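The values are calculated or read from the model by the stated rules, or taken from the named source; none is laboratory data. Here the structure is a predicted model, which is why all the values come from computation and not from measurement. As a convention, Cβ positions derive from the backbone with ideal geometry for all residues, glycine included, and neighbour counts pool all protein chains shown.
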């Protein structure tokens, strides 16, 4: 039955994971970076009418990634919607285990033991104009803390705090870890970011996409951070 199931994924991490499991969704979002699969809009603005017309057996959403109103709309169209909620490394195992059981897939995952503190504090911008960063109850913070990195604003009351230029100018982290998404930080932003602290660019998908890539992403980020700690800055 699972092999014949038609599924729409509105979560890039899930789309990647399903394909790794040998399951191709009938549709996904444009942010899933799968041009060979029909697109049904974005994560925050999916084409709910197009999804309804596809009449899939299952639609997969995530509470962090997608909007409540779209979830409710799809439920109101008598579609079966699976809502995941991943805000930490520990959530990956439990949430993906639920998904694996739906598709009769064996799923074994362990992030490994956490690293000892590296005595390294990082500012992780995720947007510019206005500045935004990752805060409490976010997968990105959980992953970096697992790797022994302290993240500024990790104890914030907000998951994604917005910051003024004035606040950013007063920050004093050891480093800036600038991910490639959701904001496409790159070389053109280097001078601005270096005003905050020594800056290093990291793969945003490794930092924020969870699922089939998590174990390898941990290894890649761990190696990069280890290299950073060897630098004199």
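Checking residue 124 against (1) over 30 Å from residue 192 (Cβ atoms); (2) in contact with a strand residue (DSSP E or B) (Cβ under 9 Å, 6 or more places away or on another chain), only one condition comes out false. Which one?
(1)
Inside the stretch 5-32, can you point out the residues that are closer than 15 Å to residue 92 by Cα and without any contact (Cβ under 8 Å) to a residue 40 or more places away in the chain?
Of all residues in the stretch 5-32, those closer than 15 Å to residue 92 by Cα come to 11-18.
Within the stretch 5-32, just 15 meets the criteria.
Just for the stretch 34-55: of the residues that are under 21 Å from the mean Cα position of the chain (by Cα) and part of a loop (DSSP other than H, G, I, E, B), which one is surrounded by the most Cβ atoms within 10 Å (Cβ to Cβ)?
By that ranking, first place goes to 40.
Any residue in the stretch 214-225 that's farther than 21 Å from residue 95 by Cβ: show its pairings with residues that are part of a helix (DSSP H, G or I) at Cβ separation under 6 Å, as long as the two are six or more apart or on different chains.
220/206
Answer yes or no: is there a residue in the stretch 104-127 that is in contact (Cβ under 8 Å) with a residue 40 or more places away in the chain, part of a helix (DSSP H, G or I) and surrounded by 20 or more Cβ atoms within 10 Å (Cβ to Cβ).
No.
For the stretch 1-33, which residues satisfy the criterion of being in a helix (DSSP H, G or I) and either touching a strand residue (DSSP E or B) at 6+ places or on another chain (Cβ under 8 Å) or buried (at least 17 other Cβ atoms within 10 Å of the Cβ) (or both)? Break it down into steps so the answer makes sense when it comes.
Initial filter on the stretch 1-33 (in a helix (DSSP H, G or I)): 2-4, 12-20, 30-32.
Within the stretch 1-33, 12, 13, 14, 15, 16, 17, 18, 19, 30, 31, 32 qualify.
Looking only at the stretch 33-54, which residues are out of contact with any helix residue (DSSP H, G or I) (no Cβ under 7 Å at 6 or more places or on another chain) and in contact (Cβ under 8 Å) with a residue 40 or more places away in the chain?
54
Does any residue of the stretch 56-65 turn out to be under 20 Å from the mean Cα position of the chain (by Cα), part of a helix (DSSP H, G or I) and not assigned by TED's automatic domain parsing to the domain that holds residue 144? Before the answer, list the steps.
Step one: filter the stretch 56-65 for residues under 20 Å from the mean Cα position of the chain (by Cα), giving 59-65.
Add one more test, that the residue is part of a helix (DSSP H, G or I), and what stays is none.
Within the stretch 56-65 (the criterion being under 20 Å from the mean Cα position of the chain (by Cα), part of a helix (DSSP H, G or I) and not assigned by TED's automatic domain parsing to the domain that holds residue 144), the answer is no, since none of the residues qualifies.
Suppose we filter the stretch 92-101 for residues that are more than 23 Å from residue 57 (Cβ to Cβ) and either surrounded by 19 or more Cβ atoms within 10 Å (Cβ to Cβ) or at pLDDT 95 or above (or both); how many remain? Give the steps one after another, and end with the answer.
Quick first cut of the stretch 92-101, residues more than 23 Å from residue 57 (Cβ to Cβ) only: 92-93.
Now narrow it down to the ones that are either surrounded by 19 or more Cβ atoms within 10 Å (Cβ to Cβ) or at pLDDT 95 or above (or both): 92.
Within the stretch 92-101, residues that are more than 23 Å from residue 57 (Cβ to Cβ) and either surrounded by 19 or more Cβ atoms within 10 Å (Cβ to Cβ) or at pLDDT 95 or above (or both) number 1.
Go through the stretch 66-91 and give me each residue that's buried (at least 20 other Cβ atoms within 10 Å of the Cβ) and assigned to a strand (DSSP E or B).
Listed by number, the residues that qualify are 81, 84.
Which numbered condition trips up residue 158, out of (1) farther than 30 Å from residue 60 by Cβ; (2) surrounded by fewer than 17 Cβ atoms within 10 Å (Cβ to Cβ)?
(1)
Within 26 Å of residue 19 (Cβ to Cβ) and over 19 Å from the mean Cα position of the chain (by Cα): is that true of residue 174 in this structure? Show your work before the answer.
Working: within 26 Å of residue 19 (Cβ to Cβ): no; over 19 Å from the mean Cα position of the chain (by Cα): yes.
Spelling it out, it is not the case that residue 174 is within 26 Å of residue 19 (Cβ to Cβ) and over 19 Å from the mean Cα position of the chain (by Cα).
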